[in-house]
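Written out below as structure tokens is the structure these notes cover.
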Amino acid sequence: MKKLGVLAASIAAAVGINSAANAECGEVLIGQPNWLTAELVAAVDALVLEQGYGCSVSIAPTATTNTIAFIQGADGPAIIGEVWTNGLDVAALESAQANEELDLLQSPFSPVGEYWFVSEAFARDYPELDTVAEVIARPDLFPSATEEGKGAFFGCPVGVGWACEGNNLSLFHHYGLDEAGWVHENPASVEGQAALIVDSKVSDSYWFGYYWVPTAVSAQNGLVALDWGVDFAGSEFWDSCVNQGKWDAPGCERTPTAWVPSVVNSVISPETRELDAFGYISSRQIPSSVLAEVEGMMADQQMSGSDAAVVFMRDFQDVWTPWVDADAAEAILSSL
């Protein structure tokens with residue numbers, strides 16, 4: 001970590017001597033959501049834009065739920081590298097696109113998905129219970145620590161601005177877990193959510209809840225995605241009912257559904273297209289295996305996004321050099 005800190009510091013210092021290039025590129029705002037892969041993507045974007053294209057980059061925290069407002073409020077080029085756009089308000093997103101207030105670009109990685117998972121130990125001991133409905137029928141196998149006699153389902157962290165918090169609560173009711181003897185338990189933090197999964201691996205115990213891929217947490221701890229057992233009920237039902245927290249309202253009667261197909265995009269302000277670096281922004285895509293490997297290092301070593309970006313640029317040059325022109329690649333490599 002000490003070596004990485006020195007490398008990161010050298011990059012920061014190099015930005016200061018690149019004033020002429022900075023003046024040409026100008027200011028770029030990068031939004032950084034609060035999970036590891038998003039931190040990595042934001043830090044990689046910052047490093048490439050600063051070192052490869054001479055931009056002056058500012059990084060600001062953001063969350064899924066304020067994505068549209070963040071980009072609309074930007075005064076110039078702005079980028080949020082990883083946005084799970086299926087969690088956004090559809091009408092608001094379409095309005096912002098129609099008014100040319102933001103653009104959507106391809107995902108910074110592939111493939112992606114959101115699921116209800118069980119722990120490795122459960123999948124090993126009960127391989128015949130591999131659908132959501134079959135697991136729901138056995139709350140006794142996942143005893144809650146908070147309510148005796150009930151099963152524990154773990155949703156999203158509370159209050160961190162993730163759309164999955166409300167969506168999981170909606171599906172909890174649409175699938176009837178409340179009536180089947182389950183408790184919906186939200187972890188208190190992102191770290192707490194991951195800790196519960198890691199503990200199920202270490203203790204060889206049973207865990208049932210929400211997570212997503214690609215992530216180091218899912219890969220390293222052997223999470224097994226359950227078959228929803230039903231088709232996706234459609235975008236209208238998801239947007240009007242699940243995403244709005246409705247499960248007993250007229251037209252939103254309880255209806256089990258698969259999770260809405262995951263869509264991840266980079267979201268940019270229209271001015272971003274004018275940057276010399278736009279070719280990079282519109283083409284960069286980290287393979288999921290590489291993403292999981294770097295994210296795993298971030299988690300295991302408590303590595304910051306900026307330090308992880310240096311590791312990525314140093315160790316995976318065959319991945320990123322095709323994203324940039326030759327001069328930018330040379331400048332980035334020399335900064336490392």
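None of the figures in this text is laboratory data; all of them are computed from the coordinates on show. It should be emphasised that the depicted structure is a prediction, and the values quoted were computed from it without experimental measurement. Because the Cβ atoms are built from the backbone with ideal geometry, glycine has one as well, and the counts that use them run over all protein chains shown.
In terms of Cα atoms, the Rg and Dmax of the range 20-147 work out to 20.6, 66 Å. Against the compact-protein benchmark of 2.2 N^0.38 Å, the Cα-based radius of gyration of the range 260-333 scales to 1.25.
Amide H to amide H under 5 Å from PHE109: which residues, 5+ apart in sequence or cross-chain, H placed 1.01 Å off N in plane? Long-range HN contacts for PHE109: ILE286.
Overall dimensions of the range 249-298, expressed as equivalent-ellipsoid semi-axes from the Cα gyration tensor (√(5λ), whole Å, largest first), are 34, 22, 8.
Label point of ASP325 set 7 angstrom out along Cα-Cβ; within the range 267-303, amide nitrogens under 16 Å from it belong to 273-283.
When the Kirkwood radius is taken over all Cα pairs of the range 164-304, what Stokes-Einstein diffusion coefficient follows at 4 °C and 1.567 mPa s, in µm²/s? Let's see the in-between values first.
Working: Rh = 18.0 Å.
The estimated diffusion coefficient comes to 72 µm²/s.
Would you please state which residues of the range 228-250 a label at ALA69 would reach in this model, taking the label point 7 Å out along Cα→Cβ and a backbone N cut-off of under 19 Å? Output list for this probe position: 244-245.
Hey, any idea what Rg/Rh is for the range 210-275, computing Rh the Kirkwood way over Cα pairs? Provide the component values of the computation, followed by the final result.
Values: Rg = 16.8 Å, Rh = 15.0 Å.
That ratio is 1.12, to two decimals.
Using Cα-Cα distances under 8 Å and only pairs 6 or more residues apart, what relative contact order does the chain have, in percent?
Details: 607 pairs, mean separation 92.3, N = 336.
Once normalised by length, the contact order is 27 percent.
Amide hydrogen proximity for VAL263: with H placed 1.01 Å from N in the peptide plane, the residues at 5 or more positions away or on another chain lying under 5 Å are THR85, ASN86. As a proxy for reagent exposure, PHE278, PHE122 were ordered by neighbouring Cβ count within 10 angstrom, fewest first; the result is PHE278, PHE122. Spatially, the range 259-286 and the range 171-222 are offset by 30 Å when compared through their Cα centroids. Our compactness index for the range 113-242, the C-alpha radius of gyration over the empirical 2.2 N^0.38 Å, is 0.99. A straight chain from SER203 to GLU100 at 0.36 nm per residue would run longer than the Cα-Cα distance by 32.0 nm. In terms of the Cα gyration tensor, with a ≥ b ≥ c the square roots of its eigenvalues, is the range 74-150 rounded because a/c is under 1.5, prolate because a/b exceeds b/c, or oblate? Prolate, because a/c is 1.5 or more and a/b exceeds b/c.
Dipole orientation for the chain: of the candidates SER235, ALA98, ALA225, ALA225 has the Cα lying most toward the positive pole (charges on Cβ; Lys, Arg +1; Asp, Glu -1).
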